[in-house]
Amino acid sequence: MSLNSADIKRIAHLARIEVNDAEADATLTKLTGILGLIEQMQAVDTTGIAPMSHSQDVTQRLRDDVVTETNQRELYQSIAPAVAEGLYLVPKVIE
Amino acid sequence: MINKSLKQLGAMLQGKEISSVELTQEYLNRINRLNPEINAYITIDADKSLAQAKNADAILAAGKGTALTGLPIAQKDIFVAKGWRTTCGSKMLEKFIGPYDADVIERFDGAGAVNLGKTNMDEFAMGSSNETSYYGKVQNPWDRTRVPGGSSGGSAAAVAARLCAAATGTDTGGSIRQPASLCGLSGLKPTYGLTSRFGMIAFASSLDQSGPMARSCEDMALMMNVMTGFDERDSTSLNRPKEDYTRDLNKPLAGLKVGLPKEFFAEGLSADVAKVVQDAIAEYKKLGAEIVDISLPNTKLSIPVYYVLAPAEASSNLSRYDGVRYGHRAQEYTDLMDMYCKSRAEGFGAEVKRRILIGTYVLSAGYYDAYYLKAQQIRRLIAQDFENAFKQCDIIMGPTAPSTAFKAGEKADDPVAMYLQDIYTIAVNLAGLPGMSIPAGFTQSADGKRLPVGLQVIGNYFDEARMLNVGHAYQQATDWHTQMPEGIE
């Protein structure tokens, strides 16, 4: 699978990272090298092998449906880029 | 005093030969003097550290001290700590003040340890040389022109330069073991699930695991006693009975079956590192170990598998940095989408962006089966290699890294060459096994510098007490782990 600069820009948009043309070209070279490394996987026959997501045979725990967190809005919002009256501010979304 | 182990310093504190405030101040003085060059720490907060030390002295005076009470320990800047700036090596979190404590921080605080400061690291733990940190590169104390390894490079350099008694690290593909190897200290990545990931800034959640970095295996056992344990706030934390990791330290090694994977001694391993590792294995024979030849046939595949899985998980984890709730926000933007794209473009460094892009690509529509699913299947083959190997041996040994510390800048522009640094460590993370690196000797560089070499010890699941025993026995018979770099007195 070979990529071009337009692919890089499309992927970067999916990842919500702005890239200019020069950055896209530089990234293309590096990514092509890394994807070449990844391609080595395709030579392996994995028919019938179950994918592994965790080394231990564990399942998700359930807990009682009770409140465990206390309200710390002021603390958490003290490190936010922009807040007003307890709300996080973002650029206007709805016209 | 700076050469003393946690164990020895702890005895001095308990015996009232020194106070925690004095000890902490001694390290803070050393940090003031040496850190401007070595750059092992990103954030120091003397008031906070000394307040903890004062508190520890009160506990000690009341006779209520435990093994780590009053001991200054450096924390990798990946652990959120309440009131401490926590950057994860990124511009994205330059102004992030921790609103709560990570589980690991809570546990050290609870044990009365002193947080000596937050150590430098590759940005979001993505790197093997500490060169991707937004806060500047870290010098290797053994040769200041060389890298300390990564991503826990600041922690490794701090321990090696005696800028702390011990430190924490995290290991996703080798980030504790490789810097421990390159800086000549002991580092342990526990079985996945033993230490809590709560408050440890996420990179690749199915691989990330924290562990101790210290001068000896004995010290690491003391730290493991504090760091490990069930935490309901981490969905992958394992609920097992607490262990005493010091319990087997002094067991004899007679009859221990040590497996040597032939793939770890093949092409790619530098000859001088191979020699040091072989000498260490010869020492183990003297200690009564029996050597068994084994094979981990899928070792080579661990790198491609890792560079699918880790970026895939990272691209998902790092989507939280959107410039809305915390972290960097661009100054100028036209609309919400533009704010996301510009904030992330400005806040992340080149390597982090590359990995997010790789992860986004392999998870994008139409590619999931060819990349992510395939990688998860090969991951099982890699884990099965170890399962088969442990039928023939108790412990696996080999090099931690293919070479000693390389020069700063040498691999910085070649991601693929950098990734190969982790060829012997990554498979351990993929399988979820515990892995450790201990100092095994030195090579001589062309310009006459002594560079440390690490021996990797891989254990079966939950076999950390045995691994620490294996390391401790070696450290009783050799003195590689007590040697000190020049120029840091």
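Here the range A:1-58 is the region considered, the condition is being part of a helix (DSSP H, G or I) and basic (Lys, Arg), and the residue that is nearest to the other protein chains (Cβ to nearest Cβ) is A:Lys30. Could you check, for the range B:98-119, whether at least one of its residues is touching a residue at least 40 places away in the same chain (Cβ under 8 Å) and more than 27 Å from B:Leu6 (Cβ to Cβ)? For the range B:98-119, residues touching a residue at least 40 places away in the same chain (Cβ under 8 Å) and more than 27 Å from B:Leu6 (Cβ to Cβ): absent.
Of these, B:Asp219, B:Asp234, B:Asp208, which one is surrounded by fewer than 21 Cβ atoms within 10 Å (Cβ to Cβ) and either modelled with pLDDT of 95 or more or among the acidic types (Asp, Glu) (or both)? Can you show your working first?
Values: B:Asp219 fails: surrounded by fewer than 21 Cβ atoms within 10 Å (Cβ to Cβ); B:Asp208 fails: surrounded by fewer than 21 Cβ atoms within 10 Å (Cβ to Cβ).
Answer to the check: B:Asp234.
B:Asn225: over 23 Å from B:Pro148 (Cβ atoms) and either in a loop (DSSP other than H, G, I, E, B) or not polar (S, T, N, Q) (or both), yes or no?
Numbers: over 23 Å from B:Pro148 (Cβ atoms): yes; either in a loop (DSSP other than H, G, I, E, B) or not polar (S, T, N, Q) (or both): no.
In short, no.
Considering the range A:1-31 alone, what residues qualify as being farther than 15 Å from B:Ala350 by Cα and in contact (Cβ under 8 Å) with a residue 24 or more places away in the chain? A:Met1, A:Ser2, A:Leu3, A:Asn4 - these are the residues of the range A:1-31 that are farther than 15 Å from B:Ala350 by Cα and in contact (Cβ under 8 Å) with a residue 24 or more places away in the chain. Assess whether B:Gly127 counts as being closer than 30 Å to B:Arg320 by Cα, touching a residue at least 24 places away in the same chain (Cβ under 8 Å) and assigned to a loop (DSSP other than H, G, I, E, B). So B:Gly127 fits the description; yes. With respect to the conditions (1) under 22 Å from the mean Cα position of the chain (by Cα); (2) closer than 30 Å to B:Glu232 by Cα, B:Ile59 falls short on a single one, namely (1).
The number of residues in the range B:319-354 being within 9 Å of chain A (Cβ to nearest Cβ), crowded, with 20+ Cβ neighbours inside 10 Å, outside any loop (DSSP other than H, G, I, E, B) and among the hydrophobic types (A, V, I, L, M, F, W, C) comes to 2.
Scanning the range A:73-82 for residues that are over 17 Å from B:Ser343 (Cα atoms) and either touching a Leu at 6+ places or on another chain (Cβ under 7 Å) or facing chain B (nearest Cβ under 7 Å) (or both) yields a count of 2. Across the range B:254-311, the number of residues qualifying as assigned to a helix (DSSP H, G or I), more than 14 Å from chain A (Cβ to nearest Cβ) and of a type in the set (Ser, Thr, Tyr) comes to 1. Comparison of A:Gly33, A:Gly48 shows that the only residue that is of a type outside the set (A, V, I, L, M) and modelled with pLDDT of 95 or more is A:Gly48. Evaluated against (1) in contact with a Cys (Cβ under 9 Å, 6 or more places away or on another chain); (2) of a type outside the set (Asp, Glu); (3) not in a loop (DSSP other than H, G, I, E, B), B:Asn115 falls short on exactly one condition, (1).
If the condition is being closer than 19 Å to A:Ser53 by Cα and of a type in the set (Gly, Ala, Ser), then the range B:365-374 contributes only B:Ala370. On the stretch given as the range A:37-95, residues that are small (Gly, Ala, Ser) and within 28 Å of B:Pro434 (Cβ to Cβ) total 3.
Which one of B:Ala446, B:Ala412, B:Ala427 is within 14 Å of another protein chain (Cβ to nearest Cβ), among the hydrophobic types (A, V, I, L, M, F, W, C), surrounded by fewer than 24 Cβ atoms within 10 Å (Cβ to Cβ) and out of contact with any Leu (no Cβ under 6 Å at 6 or more places or on another chain)?
Details: B:Ala446 fails: within 14 Å of another protein chain (Cβ to nearest Cβ); B:Ala427 fails: surrounded by fewer than 24 Cβ atoms within 10 Å (Cβ to Cβ).
Exactly one residue qualifies, and that residue is B:Ala412.
Of all residues being touching a residue at least 12 places away in the same chain (Cβ under 8 Å), assigned to a helix (DSSP H, G or I) and hydroxyl-bearing (Ser, Thr, Tyr) in the range B:361-409, which is nearest to the other protein chains (Cβ to nearest Cβ)? Just the residue, please. Among residues in the range B:361-409 that are touching a residue at least 12 places away in the same chain (Cβ under 8 Å), assigned to a helix (DSSP H, G or I) and hydroxyl-bearing (Ser, Thr, Tyr), the one nearest to the other protein chains (Cβ to nearest Cβ) is B:Tyr371.
Any residue in the range B:401-410 that is in contact with an Asp or Glu (Cβ under 6 Å, 6 or more places away or on another chain) and within 20 Å of B:Lys262 (Cα to Cα)? No, there is no match, as no residue in the range B:401-410 is in contact with an Asp or Glu (Cβ under 6 Å, 6 or more places away or on another chain) and within 20 Å of B:Lys262 (Cα to Cα).
Filter the range B:452-468 down to the residues that are surrounded by 24 or more Cβ atoms within 10 Å (Cβ to Cβ) and not β-branched (Val, Ile, Thr), then identify the one that is farthest from the other protein chains (Cβ to nearest Cβ).
The qualifying residue farthest from the other protein chains (Cβ to nearest Cβ) is B:Pro452.
The values are calculated or read from the model by the stated rules, or taken from the named source; none is laboratory data. Predicted model only: the values in this text are computed from it and were never measured. Counting neighbours? That spans all protein chains shown, and the Cβs are built from the backbone with ideal geometry, glycine included.
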